[in-house]
Structure formats: structure tokens, C-alpha cells
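Chemist: I have a structure I would like to understand better, so I am pasting it below and will then ask my questions one at a time.
Each value in this text was obtained by applying a stated rule to the coordinates, not by laboratory testing. Here the structure is a predicted model, which means the values were calculated and not measured. Every residue, glycine as well, gets a Cβ built from its backbone with ideal geometry; the counts of neighbours run over all protein chains shown.
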Amino acid sequence: MLTINNVVKHRGNQKILSGVSFSARPGRVTGFLGPNGAGKSSTLRILLGLDRATSGSALIDGVPFAELKNPLATVGAALDGFGAHRMRTGRAHLRWIARAAGLPRSRVEEVLEIVGLTNAAGKRVGTYSLGMGRRLGMAAALLGDPEILVLDEPVNGLDPEGIRWIRTFLRERAASGKTILLSSHLMGELAETVDDVVIIHHGKVVADGTLEEVTGTHSSLEEAFFALTTEHAGAVV
Amino acid sequence: MMVSSSRKITPIFGAELDKLVTLPLIWRTFVATFIVNLALTAAFTSANLQGAIGTQSILATGLASMGYLQAGFIILGILATCSEYTGGQIRTTLTTIPWRGLQLSTKHLALAVVTIPMALILTGSGILYAFIMMRDTAAEMEIDTMIKTLLGATGYLTLTTLLSAAIGALFKRTTPALVVLLGYYFIVSPLAREYLPNIQYYFPDTAGSYMYMPLSSGEISSLSPLQGTGIILAWTLFFITAAIVCYRKRDA
């Protein structure tokens, strides 16, 4: 269970987040939507302990990220970018992560197989395409077989086959009771994957509910998104 | 912290060691430093070959390139910490090892473990080269003095590397850290030695040089090797502590 409670973030004089609150529940895929600069990545970074909230709390199963006993087995995270040094090979990157978490090397080969990166694992990360980089990020997130996945734009750069794979994969994980929070700007894709939707705009949550609730009377999630993120749109759904 | 630090250290240390040894830049820096050091030692040996006698001359010649050799170790230290900020690796590091103070101190420990053999090989090869080339003109080699000098030089280079790593962690970016450190070691410190002779012994590089600097007979040293070690160690610990405090407080 992920709980974001009234998180405020200031950077200099700028207010990035203004009291963001929502939760992501086990057994469900929660989509986190918002235009560029709305505060999606800032929220995820605070949740993962990378940035500090000015006030409020972001908890994983009731505790901040830094207090988790075994972070990799609890939360798998894939944020924007590759998350790996360009000169290291994909396999070497995954191996140091596995070693830090006390996982066997065989687990590295398993996740490489899962994300379809085995053949490119010996190549340097700098030679990877955007899609391969996303797969490497997913492999790192899956290493500890975590109960919770936090994914920032997971389908960005993936080919149609990769997008289908990730959609099926996330649905299967949610069906097995795991918690998934993913941000995306691909509305059509998100509508086919998520159970719950949170929409953020200018650092404030403007919609939070099930896919059906947020879509409401609009013809699609995309229509609802634009209606909610247009200036002076209505209150929280 | 929920889990005891001692139980966490072993896997974190292993991971930090893995990061260092799988980064090609670390090995390239070592090889480049080795080649440049050997070339400089050959040049100094050739210049000193005439009229050099005794163990002190061999050691002085073998370590004459230390001033330049330390540049390679400064780069090594900076690469160890600044490489975290390439490709967004820092996000992976902190989502895998969110205990920042423990992670950065363990990184310094792993760096020391990698640096010590490198420093031994580099300083040892310089002394060995000078010994081979000067053995005909020099008197019998004093093994005790040689071992003390070798260990002192290795210790100095290791502490310089750790200090550079801490500066790298403070700056987060390679270029500014490199400019500040090379600017200090190759411009500010030599000028300070000239114009501030009374306080020069408190600078990390000047104090550290007494860890290995062979003394000519009759020379009165301003610092003992132990005092020199204490001063550079204090500087290194100060910067590592400052780096950890900043690392814990700021956004990744």
C-alpha cells in the first residue's frame, strides 16, 4: 500500500507540489497522470526517498522508504532515464544491484530473460536504445520480486510488442495481489491497463478514483484528462 | 534505522566494490597513470643518474614524479563518486541502498580497498625502476627505509584519493571537482608554499608529503611522518564528513 499524504514540495521560491494526497492499493494498477511539469516525477521521487518533502508524508506499507528493511524486495522502481552508468554493461549494472540486496547472480539472468534483454546484457548501457534502457530499468525493478512497483513512463520508447508485454505483465502482477503505481502520458495505453487513476495538475491532485469514476460522463479517459487539466477546471472528482 | 548497520555493510561493500571494478574509466585511469608515471620516472632517473649515491637517492628518484602521480589518484577519487551522477545511476543506488550515510562511507571504504594495491604498484614500480637503473652507482639498498617510504607513499595516495572522492561527492559533477582539486594541488598549494611558509605544513598535500618524503642526511624535518599522516587524515575525515552531511540532506 502506497500512501501519499498532503505532500508539499518547495524548490527555491517555486511550489512544486501543493498538498498532494492519494493512495495506491494492493491488487490494483494505479495510473498517475499529468501534463509535463505537473509534479508526477517529484511525487514519485519523494515516495522513493530521493527528494525530501517540505511537509507531508509518503509512506510504503506505513513507513518511509528509507526505513524499509529490504527496499529491493519491497519496492521495485524504474524512473526516467536508464538509471545506469553508460560505460557499464547491462549485466554488470544488475549484478551490483543484486549484490547490494544479497540476491544470487542467477536472479540477474532470470530478470534479463523476463524483460528480453539477455542477448544485449553484455553490451554497454551507452549503446542501448531508449526501449532497451526501459527494459533494463524494468529488470532492475524486478530483481527483488517486489510487492510494489513504481514505474515512471514505463512504456516510453517501447515498441508495440514491448507495450503489449508490459501491459499483460502489469495486469498479471496486479491480479496476484501486488501494488502497481505507474505514471504515463499515453492516455489510450493507460486506459487499457489501470484500475484507478490519479490526475495531477500544477502540483495538485485534480482527480482521484477508479477509471470509471474519473472518466465519468466523458467519452474516454483522454477527454476527461483534458477537461480536468484545462485551466479553471472543476474541483476534485 | 531498522536493520543493524553491521549486517548491511557486507552486501553494500560488495556492491560498491562491484561498481568500481566494472567501471572501465577506473582501469583506464590506472593504466594511463602507470604509463605516465613510468615515463616520468625514467626521465628523472636519467637526469639523476650522474652522481647519485645511496638509498635516499634511489627513493627520491623513484618517487620524484609523486607530484604528477597524485593527479591520477585525484581523478580516480572524483570518478568514484561523480560516476554515480552519470546516466541517473544515483537513483538506482538510492532506491537499492537508501541509507545514505552508510552507502557513502562504504563507497569510500571500497575505494580505499581498490586504491591501496594500485598505489603500491605505481609507487613500487617507480622505485623498482630507479633501483634497477641506479644499482651500479648507488650503495646497498636499506630495505627498512624502502618499505617505510613505500607504505608512506601508498598511504598518502590513498588518503588523497579518498579526499578527492569526498570533494567529488560534494560537487556531484566531474569537471568542477577536477578544476578545484587540480587548481589547488598544482596552483594554489605551490603558491601558498612560497608566500605562506608558516602555515604550509597544515595543507593536506604538504603535510602528506612527510609520509613518504625521504630525508637527506642531516635535514631537519618540520613534520614527522606521523604528524604528516595525522594532518592529511584529519583533512580527509573532515571532507568525508562534510560530504556525508550534504549527501544526507540534499535531494538526489
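Chemist: B:LYS249: net charge of surrounding residues, Cβ under 11 Å, Lys/Arg +1, Asp/Glu -1, itself excluded?
Modeler: Neighbourhood net charge equals +3.
Chemist: To the nearest 10 degrees, how steep is helix A:90-100 against the longest Cα principal axis of chain A, on a 0 to 90 scale?
Modeler: The angle comes out near 80 degrees.
Chemist: Please compare each pair in A:LYS40/A:LYS204; B:LYS107/B:LYS148; B:LYS107/B:LYS249; A:LYS9/B:LYS249 to a cut-off of 21 Å on the Cα-Cα distance and tell me which ones are over it.
Modeler: Beyond 21 Å: B:LYS107/B:LYS148.
Chemist: For chain B, modelled as a Gaussian network with Cα springs under 10 Å, which listed residue fluctuates most, B:GLY183, B:GLY126, B:GLY62?
Modeler: Fluctuation is largest for B:GLY183.
Chemist: Of A:LEU50, A:LEU190, A:LEU79, which is the most mobile in a GNM of chain A whose springs link Cα atoms less than 10 angstrom apart?
Modeler: Result for chain A, Cα springs under 10 Å: A:LEU50 fluctuates most.
Chemist: Additional query: Over segment A:1-61, what lengths in whole Å, largest first, do the semi-axes of the equivalent ellipsoid take, defined as the square roots of 5 times the eigenvalues of the alpha-carbon gyration tensor?
Modeler: Taking √(5λ) for each eigenvalue gives 20, 13, 9 Å, largest first.
Chemist: So what's the projected area for chain B, the Cα convex hull averaged over all directions, in nm²?
Modeler: 14.6
Chemist: As an exercise, use a Förster radius of 30 Å and the Cβ-Cβ distance of A:ASN70 and A:LYS15 to find the FRET efficiency, rounded to the nearest 0.05.
Modeler: Taking R0 as 30 Å, the efficiency between A:ASN70 and A:LYS15 is 0.30.
Chemist: What Kirkwood Rh does segment A:2-229 have if only Cα atoms enter the pairwise 1/r average? Answer in Å.
Modeler: About 17.9 Å for segment A:2-229.
Chemist: Under a plain spin-label model, where a point goes 7 Å from the Cα along Cα-to-Cβ, how far apart in nm are B:ILE9 and A:THR217?
Modeler: 6.6
Chemist: Under a point-charge model restricted to the Cβ atoms of Lys and Arg (+1) and Asp and Glu (-1), what is the dipole moment magnitude of the protein assembly as shown relative to its Cα centre, in debye to the nearest 20?
Modeler: That gives a dipole near 320 debye.
Chemist: What residue among B:LEU226, B:LEU69, B:LEU181 has the largest mean-square fluctuation in a Gaussian network model of chain B, using Cα springs under 10 Å?
Modeler: In the Gaussian network model the winner is B:LEU226.
Chemist: May I pose another question? How much length is gained on full extension from B:THR137 to B:LYS249, taking 0.36 nm per residue of separation minus their Cα-Cα distance?
Modeler: Difference between extended and current length: 34.5 nm.
Chemist: If I require 18 Å or longer along the helix axis, counting alpha carbons, and a Kyte-Doolittle average no lower than 0.0, what helices from chain B are left? Use full DSSP H segments.
Modeler: What comes out of the filter, once short or polar helices are dropped, is B:5-21, B:24-48, B:66-82, B:100-134, B:143-171, B:225-249.
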